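S.K.: One structure follows; several queries about it will come next.
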Amino acid sequence: MHILIYAAPDWLMPSGFEPHNKDRVTFLSGNIADLADTVVVRKPESLLVAGFADAAPLLAQLERLCQQLPLTAVMPVCVSPEPEFLLRLMQIGVREVLPSNVRLWGEALDRARGRLQSSQSGAAPRTAALKIGFVSAKGGDGSTSLSVNMAAALAKDAASKVLLLDLSLPFGDADVYITNKPVEHDLADFCSEVTRLDEALLASMVTQINPQLHFMASPKSFEKIMTVEPAAVEQLLAFLSTQYSFILIDMGSSVSPVSLRLWEQLDQAVIVSSVSMPSLRRLNQIKQLWENLGLSPAKLNFAMNRVLGKGDLELAQFERIYPQKPLRKLPADTLGMKASVVQGMPLVDMQARSDYARVVTDWAAEWSGQPMKDKSLWQRLRKK
């Protein structure tokens, strides 16, 4: 079971907490305002929240989490809660309140583990998709290659259903990275049918890369691009969120009315930046725009692409000017990416043991909460 502990910056973990050997425990420290935005993207099976006052801000964040992660056991640590506060916790969906004595947490976690096993043995309720947008700091920085490979990596989990949406307007080219077959329907076609879209129509129109991975292409003509309205895309995304576990959106490098409309709908946004000063400038500009729109800073992160290694002098200069730590550093793999485009296959599928594929696969495992193991030699030989 994945246990996530989210605590206030001044809270210290007491000794005596003993999770099961098979549990995976993650500890995060942050502000109460960032709680839901930080946790929802990680989808833990049990969430322990500690160090915050029993007040309205905590209730608001816990209520969001209970709504967005209905399968997660949300358990706040309350030292001496008032009866009214406990009642409100029950009303928003919190089933367990933990005491300050960590030695007593084990029974509550055992009950959460039992409920999880029961839900897995039956039909689990459908949850809203995790929506992740990838934005290139500037053209060519790699949001398309990352979104394609991340989608393919997440789809390796048989329990996940993943949609890759190419929203890099105009003229996105995610299709050349993910398939070598013609794509019949694109984003404009889905927007025109959004009012009557259902599961059957979606299944007949969407491009199925494999049973776990579906793709929705960007329009290829300027006439069709002009028909894409922000409101229609927002309505489409709301419907798609009920059909998938993950929706990955390649937003390219342009900032358009359509992409701006969707920024606030994202659970996580990742700016993909190459190791260059022009990219650093655009990275700061996008971050400033995000903040000016009043969007949560906890939702916005960045990844460093095409990193040559520790001896990269331009990387060292970049890090001195921009000290924020990236979510991931993606190694340069020019030859691999060229081969990926030629074959129309994600690099994580074509060269699963490459350095780039390993970084993306590990990152995907963190988002899905599931370890993604390489296939054994016997499995790979049988496939051949």
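S.K.: Tell me the per residue accessible area of the stretch 254-296 using a 1.4 Å probe; a whole number in Å² is fine.
M.R.: Spelled out: the 1.4 Å probe surface of the stretch 254-296, per residue, equals 43 Å².
S.K.: Here's something else I'd like to know. Can you tell me, using C-alpha contacts under 8 Å and at least 6 residues apart, the relative contact order of the stretch 318-364 as a whole percent? Write out the running numbers ahead of the final one.
M.R.: Values: 25 pairs, mean separation 16.6, N = 47.
Relative contact order comes out at 35 percent.
S.K.: With no solvent and one equal point scatterer per Cα, compute the Debye intensity ratio I(q)/I(0) for the stretch 187-308 at 0.10, 0.15 Å⁻¹ and report its log10, rounded to two decimals.
M.R.: Debye intensities relative to I(0), on a log10 scale: -0.38, -0.82.
S.K.: Over the stretch 146-250, average the accessible area per residue using a 1.4 Å probe and give it in Å², no decimals.
M.R.: Ligands and nucleic acids excluded, the result is 40 Å² per residue.
S.K.: Counting Lys and Arg as +1 and Asp and Glu as -1, what is the net charge of the other residues whose Cβ lies under 15 Å from the Cβ of V40?
M.R.: Summing Lys and Arg as +1 and Asp and Glu as -1 gives -2.
S.K.: While we're looking at this one, here's another question. Once the whole set of protein chains is in place, how much accessible area is left on H20, using a 1.4 Å probe, in Å² to the nearest 10?
M.R.: 90 Å²
S.K.: For the chain, give the percent of accessible area contributed by carbon and sulfur heavy atoms, probe 1.4 Å, rounded to a whole number.
M.R.: Looking at the chain in its full context, I get 53 percent from C and S.
S.K.: Where does the Debye-calculated log10 I(q)/I(0) of the stretch 1-144 sit at q = 0.13, 0.21 Å⁻¹, using only Cα point scatterers of equal weight, no solvent?
M.R.: Summing over Cα pairs of the stretch 1-144 leads to -0.60, -1.42.
S.K.: For E264, what charge total do you get from the other residues with a beta carbon under 10 Å from its beta carbon, if Lys and Arg give +1 and Asp and Glu give -1?
M.R.: Net of charged neighbours comes to +1.
S.K.: Another question, then. Roughly speaking, what is the centre-to-centre gap between the stretch 317-372 and the stretch 284-305 when only Cα atoms are used, to the nearest Å?
M.R.: 21 Å
S.K.: Count neighbours as other Cβ atoms within 10 Å of each site's Cβ, and list the trypsin sites (Lys or Arg not before Pro) in the stretch 1-78 that are DSSP loop with at most 15 such neighbours.
M.R.: For trypsin sites (Lys or Arg not before Pro) across the stretch 1-78 that sit outside H, G, I, E and B with at most 15 neighbouring Cβ atoms in 10 Å, the list reads K22.
S.K.: Compute a Gaussian network model of the chain, connecting alpha carbons closer than 10 Å, and tell me which residue from A232, A112, A159 fluctuates the most.
M.R.: Highest fluctuation of the listed residues: A159.
S.K.: Pick the calculated volume of the Cα convex hull per residue in Å³ for this structure from (i) 220; (ii) 137; (iii) 170?
M.R.: Label of the calculated value: (iii).
S.K.: Give the shape of the stretch 122-244 as rounded, prolate or oblate, defined through the alpha-carbon gyration tensor: a ≥ b ≥ c are the square roots of its eigenvalues, a/c under 1.5 means rounded, and otherwise the shape is prolate if a/b is larger than b/c and oblate if not. Don't skip to the answer; put the middle values down first.
M.R.: Details: a/c = 1.58, a/b = 1.15, b/c = 1.37.
Oblate shape, in that a/c is at least 1.5 and b/c is the bigger or equal ratio.
S.K.: Give the accessible surface of the stretch 1-87 per residue, rounded to a whole number of Å², with probe radius 1.4 Å and ligands, DNA and RNA excluded.
M.R.: On the way: 4130 Å² over 87 residues.
Per-residue value: 48 Å².
S.K.: Which links in K161/K299; K181/K338; K131/K329; K181/K325; K138/K329; K299/K329 stretch past 27 Å when you go from one Cα to the other?
M.R.: Working: K161/K299 22 Å; K181/K338 17 Å; K131/K329 21 Å; K181/K325 38 Å; K138/K329 17 Å; K299/K329 18 Å.
From the list (K161/K299; K181/K338; K131/K329; K181/K325; K138/K329; K299/K329), the Cα-Cα distance tops 27 Å for K181/K325.
S.K.: If you keep only loop residues by DSSP, which chymotrypsin sites (Phe, Trp or Tyr not before Pro) in the stretch 1-43 have at most 16 other Cβ atoms within 10 Å of their Cβ?
M.R.: Qualifying residues, ordered by number: W11, F17.
The values are calculated or read from the model by the stated rules, or taken from the named source; none is laboratory data. Computed from a prediction, not measured in an experiment: that's the story for all the values here. No Cβ is skipped: glycine too gets one built from the backbone with ideal geometry, and neighbour counts run over all protein chains shown. Heavy atoms of the whole protein, side chains included, go into the accessibility calculation; ligands, DNA and RNA do not. Shrake-Rupley method; radii C 1.70, N 1.55, O 1.52, S 1.80 Å.
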